[in-house]
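A.B. asks: The structure is given below, and queries will be raised subsequently.
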Amino acid sequence: MSADDPRQALAARLRSLREQHWPGHGVITQLQLAKALGGRKGLSVSLISSWESTTNPHVPPVNRLEAYATFFATRRSLENEPYRILPASELTDAERTAQAALRDELLHLRMKATAEPQETASAQEPSLPGFWHFGDNNIVTIVCAQLPDSLRQTAYADPDSPDYAALYTYADPDALIELYGHIRAANPTTRVHFKPAPELERDDYSSHLVLLGGVDWNFVTRDLLDRVELPVRQVARDGEGDIGGFEVRREDTVDLIAPQLTRDDRLIEDVGHFYRGVNPFNALRTVTICNGMFGKGTYGVVRALTDSRFRDRNGEFLAQRFAGAHAFSVITRVQVVGGEVITPDWTLPETRLHEWSESPG
C-alpha cells in the first residue's frame, strides 16, 4: 500500500485522534474507544484496530465516523469511565462547531478512500486466494439443491428435450456460478466440481464439501446440520405465505430470525447462514454451508466472500473473530434493494444477527 493511499490517510487520522487529540490526557486505548463508540454493547477492539491499520485499513461506515466526530469534539467525553459520547443536545455551541468540522474532515477522507481504484476487482485480484483457498490440492465438491419437479415445467429442464440443460434443474444457479468460478480461480491446481445433492457418490462426502441452499431442497445441508451441535436451526418454509426463518437458542430462550417482506410480498431483507467446520466424514477436510431462507440470502452469503469489494475485509473479520475455532457460524442480514442483493459487510455489528463458535476438543 502506497504512502499516499487515501485509506491509509483516513486510518492515520483516526489513530492520531485516539493517541494525540488531547495530549495532556495521554493515549486513549482502543478498548476505551471501542466501549465509547459502541454504547452498551460496545465494539470489538479488532474492529477499531482494522480502522487504524497501517497495512490494510478498513473504511468505517458513516455513522461510526460521525460518532468519532462527536466523541472528539469535547473533552467532556472523558469525564467518567467508561468514556461516552454525549448526546447532541448536551453539546455547547463551540463543541457543535468542532463536531461539524471534524465530521466534514472525516467524511471527506472517507469519500476519497472509498472512491480509490483499489475498490475495483482488478486491483483486488492479488488477494484472490483468501478465504476460499484450501491450500491442500484436495478435491472440492460443491453440493447444490435440485429444484422439485413442480418447478421444472420447461423444456430446458426436461432430459428428453433437445434443449435440455442440466443447470435448469438446479436451485441457486447464480450462487453456484459465482462460487464455482471463484473457488476455481483461488485453487488453480485443485479439482473443483459441483453436483446436485441426489447425485453425490460415496467418495464425494469425504472431500471438502461446500453446500449451497437450505433444508427445504438440499438434504445434504439438512443432514450435515443434524450432525453438528449448532444452536441454530433452519425452519423450512411450509406452504404459501410461510417464510420460515432461523431459530437461535440463547440460554433459556429461542428466537426466530425471519426475512422481511413488504405487504405486497416483495423481499427487502433475507436472512443468510454461513457455517464452516470440520467435515464429519473426514477430519482432514472441511464443510462450508452457504444458505438463506430464499435464494437471495444464499447468494448474499456467497458474495460476502467473493465480492472483490468485501471479500478481504469479511475474510479477515472471520479470521480474527474465530481464530483457533473448530467450527463457527454467522447469521447475517442480506439486504435486497430494487430486487438486487447487497453484499453483507460483516465488520458492521448490525449486519451480524448471531455468531457462534466451537473450540477444538
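The values are calculated or read from the model by the stated rules, or taken from the named source; none is laboratory data. Source: prediction; values computed, not measured. Using ideal geometry, Cβ is built from the backbone for each residue, glycine included, and neighbour counts are taken over all protein chains shown.
A.B. asks: Within the stretch 56-82, work out how many residues are among the β-branched types (V, I, T) and surrounded by fewer than 21 Cβ atoms within 10 Å (Cβ to Cβ).
C.D. replies: 2
A.B. asks: Looking at (1) surrounded by fewer than 19 Cβ atoms within 10 Å (Cβ to Cβ); (2) in contact with a helix residue (DSSP H, G or I) (Cβ under 6 Å, 6 or more places away or on another chain), find the lone condition where I85 falls short.
C.D. replies: Only one criterion in (1) surrounded by fewer than 19 Cβ atoms within 10 Å (Cβ to Cβ); (2) in contact with a helix residue (DSSP H, G or I) (Cβ under 6 Å, 6 or more places away or on another chain) is unmet by I85, namely (1).
A.B. asks: Also: Could you list, ordered by first residue, the pairs with Cβ atoms under 8 Å in which the first is in the stretch 47-74 and under 15 Å from D345 (Cβ atoms) and the second is among the β-branched types (V, I, T), at least 6 apart or interchain?
C.D. replies: L47/T347; S50/T347; W51/V59; H58/T347; V59/T114
A.B. asks: So, one more: Inside the stretch 23-113, counting only helices (runs of 4 or more DSSP H) that do not spill past its ends, which hold 3 or more residues that are over 18 Å from Q320 (Cβ atoms) and either modelled with pLDDT of 90 or more or more than 30 Å from the chain's Cα centre (by Cα) (or both)?
C.D. replies: Here the list reads 30-38, 62-71.
A.B. asks: Would you please name the residue that is surrounded by the most Cβ atoms within 10 Å (Cβ to Cβ), looking only at residues in the stretch 175-216 that are of a type in the set (S, T, N, Q) and touching a Lys or Arg at 6+ places or on another chain (Cβ under 7 Å)?
C.D. replies: Checked the stretch 175-216; the qualifying residue surrounded by the most Cβ atoms within 10 Å (Cβ to Cβ) is S207.
A.B. asks: Any residue that is within 22 Å of L43 (Cα to Cα) and in contact with a strand residue (DSSP E or B) (Cβ under 6 Å, 6 or more places away or on another chain) - is there at least one of those in the stretch 313-322?
C.D. replies: Yes, some residue in the stretch 313-322 is within 22 Å of L43 (Cα to Cα) and in contact with a strand residue (DSSP E or B) (Cβ under 6 Å, 6 or more places away or on another chain).
A.B. asks: What pairs come out if I take residues in the stretch 209-227 that are small (G, A, S) and pair them with residues that are in a loop (DSSP other than H, G, I, E, B) and crowded, with 20+ Cβ neighbours inside 10 Å whose C-beta lies under 8 Å away, six or more apart or interchain?
C.D. replies: G213/A145; G213/A171; G213/D172; G214/A145; G214/M293
A.B. asks: Is one or more of the residues making up the stretch 251-273 out of contact with any Leu (no Cβ under 8 Å at 6 or more places or on another chain) and of a type in the set (S, T, N, Q)?
C.D. replies: yes
A.B. asks: Having 1 or more residues that are in the same structural domain as V337 (by TED's automatic domain parsing) and within 25 Å of A185 (Cα to Cα) is the bar; report the strands (runs of 3 or more DSSP E) wholly within the stretch 206-323 that clear it.
C.D. replies: Those strands (runs of 3 or more DSSP E) span 208-212, 267-278, 286-292.
A.B. asks: Further, regarding this structure: Looking only at the stretch 262-278, decide whether some residue is polar (S, T, N, Q) and under 29 Å from R7 (Cβ atoms).
C.D. replies: No, there is no match, as no residue in the stretch 262-278 is polar (S, T, N, Q) and under 29 Å from R7 (Cβ atoms).
A.B. asks: Also, quick follow-up: For the stretch 32-63, give me the residue count where each residue is basic (K, R) and either touching a Phe, Trp or Tyr at 6+ places or on another chain (Cβ under 8 Å) or under 14 Å from E316 (Cβ atoms) (or both).
C.D. replies: So the first thing to find is which residues in the stretch 32-63 are basic (K, R), and the list is 35, 40-41.
Those left that are additionally either touching a Phe, Trp or Tyr at 6+ places or on another chain (Cβ under 8 Å) or under 14 Å from E316 (Cβ atoms) (or both): 35.
The qualifying residues number 1.
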